[in-house]
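This report concerns only the one structure given below.
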Amino acid sequence: MMIKHIFTDMDGTLLNPAGQISAATRHAIHQVDLPVTLVSARSAVDMAPFATQLHLTGPQIGFNGALIYQLHHHQIHPLHTIPLAANSALQIIQAVQRHFPAVSINLYDPFRWYAPQADRGVARQAARSAAAPTITPVEPLLSQADFNLIKVTLIMEAPQKPAPVVKLIAGLGLTDVSLQIPASEQGVSFIDITSRQANKAHGVQTIMAEAGLQRAETAAFGDGENDLPMLAAVGLPIAMGNASTKVQAAAKYVTKPNTADGWAHAVLTHPAFQKN
């Protein structure tokens, strides 16, 4: 069965190591002429420039599946959200501030980014973001009844590792949250915290159901362990050559790394994408 829809991770997958979409990848997307859904841990604001560059008009998936949205006249229109409980988020943040004060804390709603202080982690995020953070105390923000918290991201610089922070959070006994650890970048580690109901597979399956897509008609590209649920949800899971051994083992096809335009290589050469 031919592929009718592509779901793709961004960092380490669709994007090259410079965080850009290469000319080869843009050409491949034009050639394959299929709907493409970006599936990322990033916010919708940070995804929007890439979706615009690729002329993607369909639903996109942000915050590891906690937000499905569409761009209309460059405006973000949420279609589905899975909020993170404010009480659970506050418990995590207070524990991290108490035991690991050097960890950078970042909060997101569907449209904006907030942080309690302008630290090095915030500066790092701002350098690659299309948005600027609102610096504000956490407790009053989370106490607002209409605040739609979607994700909390913790940022650690070496020598701080995520494992002790994860252990601390696990010790809180919160059953309604999910922790995901994207690949480290130049000695910087991240912990993404969303509702337990949110993952990339949830977003993918929601779009598949609404579009009437069969599993065999879908493909997904990924490189990180947070991509594993998404890869398991589609008919053709594709791992990048730069993916971990665990991710490559979960794929039906392993393409070249993102340093060698692996995304474009798969789309232009794999039989499932070739039209009769």
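The values are calculated or read from the model by the stated rules, or taken from the named source; none is laboratory data. As the structure is a prediction and not an experimental result, all values here were calculated from the model. Areas reflect the complete protein model, heavy atoms only, side chains present, ligands, DNA and RNA absent. Shrake-Rupley method; radii C 1.70, N 1.55, O 1.52, S 1.80 Å.
Observations on the structure shown:
- Heavy-atom accessible surface of the range 227-276, averaged per residue, reaches 44 Å², computed with a 1.4 Å probe.
- Residue-level accessible surface for His73, protein heavy atoms, 1.4 Å, Å²: 150
- For percent of Cα pairs over 26 Å apart, the value calculated from this model appears in (1) 60; (2) 40; (3) 47 under label (2).
- Result for the chain in a Gaussian network model with C-alpha springs under 10 Å: among Ala209, Ala233, Ala201, the largest mean-square fluctuation is at Ala209.
- Counting only DSSP beta bridges whose two residues both lie in the range 3-117, roughly 75 percent are antiparallel.
- Take every Cα pair under 8 Å whose residues are at least 6 apart in sequence, average their separation, divide by the length of the range 98-214, and the relative contact order is 22 percent.
- Between the range 169-201 and the range 130-156, the alpha-carbon center distance in angstrom: 16
- Percentage relative contact order, the chain, counting C-alpha pairs under 8 Å, at least six apart: 22
- Accessible carbon and sulfur surface of the chain relative to its total accessible area, %, 1.4 Å: 53
- Accessible area (Å², per residue) of the range 51-199, counting only protein heavy atoms and a probe of 1.4 Å: 48
- At the residue level, Glu157 shows approximately 60 square angstrom of accessible surface with a 1.4 angstrom probe and all protein chains present.
- Note on exposure: Tyr69, Tyr253 ranked by accessible area (1.4 Å probe, complete protein assembly) read Tyr253, Tyr69, with the most exposed listed first.
- Long-range amide H partners of Leu149 with built H, under 5 Å: Leu84
- Using a probe of 1.4 Å, the accessible surface attributed to Trp113 totals some 10 Å² when neighbouring protein chains are kept in position.
- Cα-based equivalent ellipsoid, the range 18-120: semi-axes from gyration tensor eigenvalues, Å: 32, 16, 11
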